[in-house]
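A short worksheet on the structure shown next.
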Amino acid sequence: MIPFSDIPDMTTVQFDRFAKLIHERAGIHLKEHKITLLSNRIRKRLRTLNMKDYDEYYQFLQNDKGNEMVHFLEVVTTNESYFWRTTQNYDALKTHVLPEVLKQYRGQELKLWSAGCSTGEEPYNLAIELIESMRKVGFFNFRIVATDISTRVVQFAQEGRYTGRKIEKIPPEILKRYFKPLTDDPEVFEVRDDIKKKIEFRVENLFQSTPSGMHVIFCRNVMIYFKREEQKVLVDRFHRALLPGGYLFIGHAESLQMLNTDFRTISTPLGILYRKEG
Ligand SMILES: C[S@@+](CC[C@H](N)C(=O)[O-])C[C@H]1O[C@@H](n2cnc3c(N)ncnc32)[C@H](O)[C@@H]1O
């Protein structure tokens, strides 16, 4: 394997070419100050492939007929996620959204989409919260579609096994109720099979996938990577994917304020909600 230090730093010209490719393939806008990060991450890939510089790798990607584009996109996306992340969103779902949507779509199966689901914490968390909410609002059917551009994270999500920081915020009684520790490694907890069955995981690019008939969409901590024009394209796609009266949840650092969208904003003590009118 070529030593790490033998691979030179990435030049700005090389960075621009990779950044353009990343933008074309994933819609992700990499700012110039990310050059060291990108350089280091691709450097690891070069070592695995025994290549000596970034130009060679760029050429290889251009001629790629196999899986390298998948690896490349995995190198550049950030997949940080954990259970019980920004719980305000789940609380708002339970207190404001569910009673209203269940009334409007009485007797129908609820469809939710976790868009940019990463390693699966968000869709599993959603499934658990929905089941928990049935103690209050009564039984209803639901299913969740969970998509991400990265094959690696979707495979991880399907396994449904978590440990450490990813599960440390889960209340102990919930952990006990919905997860089981592995017999050979009790520090690792696996999501119950019946919860797994509620979720359909798919590898999909948000700018190409077209789910429809959704009651609720969670797309949190994803739009932050995109430029404003792409955010607008995406939010318009979400609007089309939702049924009238459906809701979009975004990350706490994200906003639709400047995007001029068709969503109605509703201020609640649990934050701003975005509703498709109807
Ligand atoms: C920081 S994670 C967010 C995970 C989860 N939503 C949460 O808030 O915990 C962002 C995810 O968006 C995915 N992503 C980025 N661009 C994407 C695209 N164009 N299509 C689908 N997923 C994308 C990344 O692969 C990554 O897993």
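The values are calculated or read from the model by the stated rules, or taken from the named source; none is laboratory data. Keep in mind it's a predicted model, so treat the numbers as computed, not measured. Cβ: placed from backbone, ideal geometry, glycine included. Neighbour counts: every protein chain shown. Remember, those area values only see protein heavy atoms, side chains included, never the ligands or the DNA or RNA. Shrake-Rupley method; radii C 1.70, N 1.55, O 1.52, S 1.80 Å.
For the range 75-89, name all the residues that are more than 10 Å from the ligand (Cβ to nearest atom) and closer than 17 Å to Glu168 by Cβ. Selection gives Trp84, Thr87. Taking the stated definitions as given, is Ile28 outside any helix (DSSP H, G or I) and under 24 Å from the mean Cα position of the chain (by Cα)? So Ile28 passes the test. The residues on offer are Arg275, Arg202, and the sole one that is touching a Ser or Thr at 6+ places or on another chain (Cβ under 7 Å) and either crowded, with 16+ Cβ neighbours inside 10 Å or not acidic (Asp, Glu) (or both) is Arg202. Scanning the range 88-99 for residues that are among the hydroxyl-bearing types (Ser, Thr, Tyr) and open to solvent by 50 Å² or more (accessible area, probe 1.4 Å) turns up just one, Thr95. Out of curiosity, is Ala241 closer than 20 Å to Ala26 by Cα, small (Gly, Ala, Ser) and out of contact with any His (no Cβ under 8 Å at 6 or more places or on another chain)? Yes; evaluated as a whole, the condition is true for this residue. Do we find that Glu173 is open to solvent by 40 Å² or more (accessible area, probe 1.4 Å) and either within 15 Å of Ser81 (Cα to Cα) or not in a helix (DSSP H, G or I) (or both) in this structure? Here the answer is no, as Glu173 does not meet what is asked. Scanning the range 214-253 for residues that are of a type in the set (D, E, K, R) and crowded, with 16+ Cβ neighbours inside 10 Å turns up Arg220, Glu230, Lys232, Arg237. Just one of the numbered conditions (1) in contact with a Ser or Thr (Cβ under 7 Å, 6 or more places away or on another chain); (2) without any contact (Cβ under 8 Å) to a residue 12 or more places away in the chain is not true of Gln208: (1). Restricting the range 60-93 to residues that are touching a His at 6+ places or on another chain (Cβ under 9 Å) and assigned to a helix (DSSP H, G or I), the residue that is farthest from Phe142 (Cα to Cα) is Gln88. Among the residues of the range 57-78, those identified as touching a residue at least 60 places away in the same chain (Cβ under 8 Å) and either among the aliphatic types (A, V, I, L, M) or loosely packed, with under 15 Cβ neighbours inside 10 Å (or both) are Val70, Leu73, Thr78. Quick check on Thr210: is it outside any helix (DSSP H, G or I), at pLDDT below 95 and surrounded by fewer than 18 Cβ atoms within 10 Å (Cβ to Cβ)? For Thr210, the condition - outside any helix (DSSP H, G or I), at pLDDT below 95 and surrounded by fewer than 18 Cβ atoms within 10 Å (Cβ to Cβ) - is met.
For the range 100-147, the tally of residues that are within 16 Å of the ligand (Cβ to nearest atom), in a strand (DSSP E or B) and without any contact (Cβ under 8 Å) to a residue 60 or more places away in the chain stands at 2.
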